[in-house]
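Colleague: I am attaching a structure below and will ask some questions about it afterwards.
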Amino acid sequence: MKKLKSKFSASVIESLGYYVYLLVDSREGEIFYVGKGKANRVFSHVNDALYSEYESDKLDQIREIHDEGQKVVPLILRHGLTEEEAILVESVVLDLPMMDSLKNKAAGHDSWERGLKSVDEIKHLYDAEEAIIDDPVLIININALYRRFMEPEEIYEATKASWVLGPRRNKAKYVIASYRGVAREVFEVHSWHEYKGPKRSRWGFEGTFAAEEISSKYKNKSLKKYRKRGAQNPLKYVNC
């Protein structure tokens, strides 16, 4: 399976500067990875797949391609860029709707602040009314689990489990699913269930979508009053 490692000559590297590249699966002609870098960065993923035991969706696909006697086709999308320009171009490409199946682990730089959005998301970002929470609520930040255009049921699945919680959980009548400081959905808690782990237990809830009179108070409203930007703890009790 192994072959000689690919690389650019010194003169090519000097001319390239920073660039944005695509990795294409030759079997179907589909782009499966978008990246930015300089020098020989474009070759690093194939070399890692062939010469290391690291595991990831991206590396596994590369190994599968080579095992079938096919190849990864690297393409340089834009070159001669500054680092800042490369970051911007990569972010724009990653935000394209047809790129949803990429093996990139992370979204592009500033993807939330300046990336692809629906009209409603633009309104929520710049004109969201501030929520005034007067019910016993647990706010759960689902930034790491949220995907653009999630259905309400998918938000519920991403929110309901599993979290490191103390007894205060029992005082929370509602759970608000928060993404980037905005309330995405509101759930009424019916019960809590323990998930025992080797070191500590985690908890999840069973519930339903909150009644309209509750949901309308909080959904799509700003939670910045209750959650500081950059806060590490994904959980915040209010009135509990």
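The values are calculated or read from the model by the stated rules, or taken from the named source; none is laboratory data. This one's a predicted model, so the numbers in the text were calculated from it and none came from an experiment. With ideal geometry, Cβ positions are generated from the backbone for all residues, glycine too; neighbour counts draw on all protein chains shown.
Colleague: What is the residue count in segment 50-80 for residues that are under 26 Å from the mean Cα position of the chain (by Cα) and farther than 20 Å from G37 by Cβ?
Modeller: Going through segment 50-80 one residue at a time, the tally reaches 6.
Colleague: Condition first: under 26 Å from the mean Cα position of the chain (by Cα) and touching a residue at least 12 places away in the same chain (Cβ under 8 Å). Now tell me which residues in segment 190-199 satisfy that.
Modeller: Y195
Colleague: Still on this structure, I have one more. Go through segment 160-179 and report how many residues are surrounded by 19 or more Cβ atoms within 10 Å (Cβ to Cβ) and touching a Leu at 6+ places or on another chain (Cβ under 8 Å).
Modeller: Final tally of qualifying residues: 6.
Colleague: May I ask you to verify whether K221 is surrounded by 14 or more Cβ atoms within 10 Å (Cβ to Cβ) and closer than 23 Å to A131 by Cα?
Modeller: yes
Colleague: Can you say whether R147 is under 27 Å from D95 (Cα atoms), assigned to a loop (DSSP other than H, G, I, E, B) and either in contact with a Cys (Cβ under 7 Å, 6 or more places away or on another chain) or outside the structural domain of L94 (by TED's automatic domain parsing) (or both), as far as the supplied structure shows?
Modeller: Yes: the conditions hold for R147.
Colleague: Which number in (1) free of Cβ contacts under 8 Å to residues at least 40 places away in the same chain; (2) closer than 24 Å to K217 by Cα marks the one condition that G181 misses?
Modeller: (1)
Colleague: Show me the strands (runs of 3 or more DSSP E) entirely contained within segment 15-94 in which 3 or more residues are among the β-branched types (V, I, T) and in contact (Cβ under 8 Å) with a residue 12 or more places away in the chain.
Modeller: 72-81
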